[in-house]
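The values are calculated or read from the model by the stated rules, or taken from the named source; none is laboratory data. Everything numeric in this text was worked out from a predicted model, so none of it was measured. Because the Cβ atoms are built from the backbone with ideal geometry, glycine has one as well, and the counts that use them run over all protein chains shown.
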Amino acid sequence: MTKSAQAVWDNCLSFIKDNITPQAYKTWFAPIKVVKLTDAALSIQVPSKFFYEWLEEHYVQLLKVALNKELGETAKLVYVIKMENTYGNNQPFTEKIPSANRSTLKSQHVDAPLKNKNPELKNPFVIPGIRNLQIESQLNPNYNFDNFLEGDSNRLARSAGMAVANKPGGTSFNPLLVFGGVGLGKTHLAHAIGVQIKDKYPDKTVLYISAEKFTQQYIESVKKNNRNDFIHFYQVIDILIVDDIQLLSGKAGTQDVFFHIFNHLHQNGKQVILTSDKAPVDMQDIEQRLLSRFKWGLSAELQHPEFETRISIIKHKLYQDGVEMPEEIVEFLANNIKTNIRELEGAIISLIAHSSFNKKEITLDLAKKIVDNYVKHTKREVSIDYIQKIVSDYFQMDVDTLQSKTRKRHIVQARQLAMFFAKKLTKASLASIGSQIGQRDHATVLHACKTVDNLASTDKQFRKYVEDLNKKLTV
Ligand code: ADP
Ligand code: MG
């Protein structure tokens, strides 16, 4: 009587399950599919080469024992690597026929010989030295629901976030897209959802990542030729949180890969949480198919906090820091910083710092000075889009021209000035500036900054451009 492949594998699995942690089982064994059993050779299908290497590195003994128990001493294991849902792969199914008459359990696979005894794990989130896969969630425990104060401005987003946290993948809010202006709590809320899920479902794999970092990792994976491992890594995550998704704008490759990951997760009932500084309708240079996916679930806006919420946020912050402040100052702050909670916090911190360094009481006067600084300071915070607009207007061209590939001198100069001011006036990285100003790389931006510096000190006309633009951009 011959056993079926499925029955053999099921028995192996129940043995394996008893010997490893549930998390490891879920990550490494649940995705395996059994393919066939020929004589004593069991073929199993794994999703990637990375997967195969990991099994070989960590579980070969366990597999061996399990198989020997089922199929005797002549048992063989054959890996079949099937990359699912990966793009550009027209031959998704590859198989190696086992060589005949092997008497010991020996694994075989498609294209990587077993020479690599200790395959280097490229994955940045895998904690090295730990046997079972553990993905660092990258969550900040200080951003939780308890200290995310509720108000009219955030009620919808906050409750949707709670609902998702209590039942990830199980609500119609998938994806949950939280959008709103700078400093209104998107990142905080995104972390809070993750933190609560981790708390409630410790076995779930949660990952928080900024879209910027995601992009860097993707580019890196393309360079190192392990794009499939990159995709696979993201496909095993249960709850994926991507912050500042608007940064994918204009990055076709990254959008494409994200599209595939998104589909895979969504189809498998995994939760996706996204944040953006714009509503989906206002996102530019994001592929339509991706935008339409963003709208599948719920888009919830974080609005400017109303007065009461500003007051409670200030008081909460003071309470946390163990500081007392007269009511009139609290109100003064709440009345003067309205559109950005990060600035509100910043003003409180500098107020506390000033008063304690100078051993002065916190007075309304001091508060006024600080808020002045703050408000002036924040006016200077401009966006790269705005800089491009101002520079283009100044040179009487449109933004498309400024971004175009042309080498015409006056256009190149305008572009370089835009890059220079983007570097000077925003916190964006060189790479991010480059990609927003006509898809250039970071070296080009660096070169532009140097050129502007040089020209400004040698060319009078050019110095005037810099001064004029500086005035326009910083008043
Ligand atoms: P964004 O990602 O939208 O730019 P953040 O999440 O970084 O904004 O929030 C800016 C700051 O404001 C953070 O320190 C955050 O803790 C605080 N904050 C935002 N919303 C709230 C809120 N509802 N209650 C308490 N603190 C908040
Ligand atoms: Mg943020």
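Numbers below:
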{"read-out": "For R289: the one exception among (1) in the same structural domain as L184 (by TED's automatic domain parsing); (2) outside any strand (DSSP E or B); (3) modelled with pLDDT of 95 or more", "value": "(3)"}
{"read-out": "Matching residues, the stretch 262-276, being crowded, with 20+ Cβ neighbours inside 10 Å and either part of a helix (DSSP H, G or I) or touching a Pro at 6+ places or on another chain (Cβ under 7 Å) (or both)", "value": "F262, L265, Q271, V272, I273, L274"}
{"read-out": "Residues satisfying the stated conditions in the stretch 226-259, i.e. within 16 Å of ligand 2 (Cβ to nearest atom) and assigned to a helix (DSSP H, G or I)", "value": "I245, Q246, L247, L248"}
{"read-out": "Lone unmet requirement of (1) within 16 Å of ligand 2 (Cβ to nearest atom); (2) at positive phi for D285", "value": "(1)"}
{"read-out": "Matching residues in the stretch 292-306 - criterion: being within 16 Å of ligand 2 (Cβ to nearest atom) and assigned to a loop (DSSP other than H, G, I, E, B)", "value": "Q303, H304, P305"}
{"read-out": "Any hit, the stretch 347-366, residues being farther than 28 Å from G161 by Cβ and in contact with a Phe, Trp or Tyr (Cβ under 7 Å, 6 or more places away or on another chain)", "value": "yes"}
{"read-out": "Pairs where the first residue, in the stretch 143-160, is near ligand 1 (Cβ under 6 Å from one of its atoms) and the second is among the basic types (K, R), C-beta under 7 Å, 6+ apart", "value": "F148/R158"}
{"read-out": "Residue match in the stretch 174-181 (condition: surrounded by fewer than 22 Cβ atoms within 10 Å (Cβ to Cβ), within 16 Å of ligand 2 (Cβ to nearest atom) and in the same structural domain as H266 (by TED's automatic domain parsing))", "value": "yes"}
{"read-out": "Looking only at the stretch 400-431, and only at residues there that are hydroxyl-bearing (S, T, Y) and farther than 15 Å from I390 by Cβ, the one that is surrounded by the fewest Cβ atoms within 10 Å (Cβ to Cβ)", "value": "T406"}
{"read-out": "Lone qualifier among I197, I193 - being touching a Pro at 6+ places or on another chain (Cβ under 7 Å) and either more than 9 Å from ligand 1 (Cβ to nearest atom) or farther than 22 Å from L291 by Cβ (or both)", "value": "I197"}
{"read-out": "Test for F259: is it among the aromatic types (F, W, Y), buried (at least 22 other Cβ atoms within 10 Å of the Cβ) and away from ligand 1 (no atom under 16 Å from the Cβ)", "value": "no"}
{"read-out": "Residues located in the stretch 282-292, provided they are surrounded by fewer than 17 Cβ atoms within 10 Å (Cβ to Cβ) and within 17 Å of L176 (Cβ to Cβ)", "value": "L291, S292"}
{"read-out": "Hey, A347 surrounded by 14 or more Cβ atoms within 10 Å (Cβ to Cβ), more than 22 Å from L469 (Cα to Cα), small (G, A, S) and assigned by TED's automatic domain parsing to the domain that holds D468 or not", "value": "no"}
{"read-out": "Whichever residue in the stretch 182-208 is β-branched (V, I, T) and part of a loop (DSSP other than H, G, I, E, B) and, among such residues, is farthest from ligand 2 (Cβ to nearest atom)", "value": "T205"}
{"read-out": "Some residue of the stretch 443-457 being outside any helix (DSSP H, G or I) and not small (G, A, S)", "value": "no"}
{"read-out": "The listed residue being surrounded by 20 or more Cβ atoms within 10 Å (Cβ to Cβ) and either within 24 Å of G169 (Cβ to Cβ) or free of Cβ contacts under 8 Å to residues at least 12 places away in the same chain (or both), out of L247, L302", "value": "L302"}
{"read-out": "Counted residues, the stretch 209-225 - those being within 16 Å of ligand 2 (Cβ to nearest atom), part of a helix (DSSP H, G or I) and either over 24 Å from P47 (Cβ atoms) or touching a Gly at 6+ places or on another chain (Cβ under 8 Å) (or both)", "value": "2"}
